[in-house]
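The values are calculated or read from the model by the stated rules, or taken from the named source; none is laboratory data. Bear in mind that the values here come from a model prediction, so they are computed numbers and not experimental data. Glycine also receives a Cβ, built like all others from the backbone with ideal geometry; neighbour counts cover every protein chain displayed. Surface areas here come from the heavy atoms of the whole protein model, side chains and all, with no ligands, DNA or RNA. Shrake-Rupley method; radii C 1.70, N 1.55, O 1.52, S 1.80 Å.
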Amino acid sequence: MSKCALITGATSGFGKAIAIKFAKEGYDLIITGRREERLNQLAQEIMDSYGNAVTALCFDVRNKAAVTESIESLGDKTIDVLINNAGLASGLDLIQDGDTEDWDKMIDTNVKGLLYVSNQIIPKMVDRGEGHIINIGSTAGKEVYQKGNVYCASKHAVDAITKSMRIDLLPHGVKVTQIAPGAAETEFSIVRFHGDETKAKAAYNGYKPMTAEDIAEVTFYTTTLPAHLCINDVVMTSVAQANSHYIHREQA
Ligand code: NDP
Ligand code: 8X3
């Protein structure tokens, strides 16, 4: 029987690339996101191209009741791999200039949303004595940088939650992995800059950033190891980036 992966935030970027990679490798999928048309289109494309079973669940991870209802609708379907990917940066401002609506979005999505989804799925993994949770963190969860304040805090929380999950789930055979990427060109910066495509593009000027497919390859790799092995943490960047502070940009 095919294994099944649930991927949050599959309507673009990493989540979409991860869905396609897992489908190519034979997984059945549950894909989620808020943009229903994109979600259904991806589900259809994957079913047509690879013949996998794909369930599309449209919900906002910030809405606890919607998360519960959507995941309960799956009944007793086994989820072998949960990929907590849905997330965003909203704004890039000094703390004194920050917009509390941006702060709410980031904390509610990146931290509380990840917890709401995990809360629905972890108990079933514990009952089965197996499963794999992969949380998409960030280099922003490893170091803070100017104007990163609340986004960095939310990704430091993902780092801490990942480590805590691994400790709490130790007796239950559930693997817990964090993937912590640096800069990758997706819709991330367009969202961060509230739709300003010029500012978004400038984030990748002068160097070759990672692609969503790079993250998908590495994410999938962490699921390919023998049952007794777990990759705990992957920090991955483009070769032009050392960490949150150092990116080597060629001058135009
Ligand atoms: P994208 O903006 O391309 O994708 C974000 C995905 O998250 C979309 O599918 C979006 O779907 C979903 N999402 C956002 N908010 C919600 C919500 N409230 N409820 C449900 N789904 C939501 O960005 P990336 O693919 O780059 O980002 C994916 C993850 O990777 C994020 O957690 C991000 O913080 C992290 N990351 C990104 C890096 C980068 O440089 N790109 C580097 C390191 C980490 P929809 O809008 O349809 O709901
Ligand atoms: C996204 C990478 O450097 O914009 O998590 O924080 S960065």
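Computed values, structure above
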{"item": "C-alpha long axis of helix 114-128 to longest principal axis of the chain, angle in °", "result": "30"}
{"item": "Residue among 132, 172, 228 with the largest mean-square fluctuation in a Gaussian network model of the chain, springs linking Cα atoms under 10 Å", "result": "228"}
{"item": "Integer Hz, Karplus 6.51/-1.76/1.60 couplings in order for the stretch 192-201, x for Gly and Pro", "result": "4, 9, 6, x, 7, 5, 5, 5, 4, 4"}
{"item": "Gaussian network model of the chain, springs between alpha carbon atoms under 10 Å - residue of 90, 70, 164 with greatest fluctuation", "result": "164"}
{"item": "Backbone HN-Hα couplings from phi across the stretch 20-30 [Karplus 6.51/-1.76/1.60, Hz, Gly and Pro as x]", "result": "5, 4, 5, 5, 4, 8, x, 6, 7, 10, 10"}
{"item": "Most mobile of 206, 148, 15 in a GNM of the chain (Cα contacts under 10 Å)", "result": "206"}
{"item": "Out-of-range pairs (alpha-carbon distance over 29 Å; input 124/163; 21/142; 3/199)", "result": "3/199"}
{"item": "In sequence order, calculated HN-Hα J values of the stretch 76-83 (Karplus, 6.51, -1.76, 1.60; Hz; x Gly/Pro)", "result": "9, 4, 7, 10, 7, 10, 10, 10"}
{"item": "Tilt relative to the chain, helix 212-221 - C-alpha long axis, 0 to 90 degrees, to 10", "result": "40"}
{"item": "Cα→Cβ-extended label distance, 7 Å offset, between residue 198 and residue 217, nm", "result": "3.5"}
{"item": "Exposed-loop-free span, longest in the chain, where chymotrypsin sites (Phe, Trp or Tyr not before Pro) count as exposed if DSSP calls them loop and at most 14 other C-beta atoms lie within 10 Å", "result": "1-144"}
{"item": "For the chain: Kirkwood Rh in Å [reciprocal of mean 1/r, alpha carbons]", "result": "18.4"}
{"item": "The stretch 132-232: C-alpha pair distances exceeding 24 Å, %", "result": "31"}
{"item": "Quarter of the Cα convex hull surface for the stretch 182-252, i.e. its orientation-mean projected area (nm²)", "result": "5.8"}
{"item": "DSSP-defined antiparallel bridges as percent of all bridges, the chain, nearest 5", "result": "5"}
{"item": "Accessible area (Å², per residue) of the stretch 4-236, counting only protein heavy atoms and a probe of 1.4 Å", "result": "46"}
{"item": "Assigned charges on the beta-carbon of Lys, Arg, Asp, Glu; the stretch 87-238 dipole about Cα centre (debye)", "result": "440"}
{"item": "Residue 37-residue 160 FRET efficiency (beta carbon distance; Förster radius 35 Å; 0.05 resolution)", "result": "0.50"}
{"item": "Carbon/sulfur fraction of accessible area - the stretch 126-252, other protein chains in place, 1.4 Å, %", "result": "56"}
{"item": "Net lengthening on full extension, residue 146/residue 47 (0.36 nm per residue, minus Cα-Cα)", "result": "31.3 nm"}
{"item": "Size-normalised alpha-carbon gyration radius of the stretch 1-145, reference 2.2 N^0.38 Å", "result": "1.08"}
{"item": "Neighbour net charge for residue 215 - beta-carbon separation under 14 angstrom, K R +1, D E -1", "result": "-3"}
{"item": "19 Å reach of a label modelled at residue 96, 7 Å along Cα-to-Cβ, counting backbone N of the stretch 133-154", "result": "145-150"}
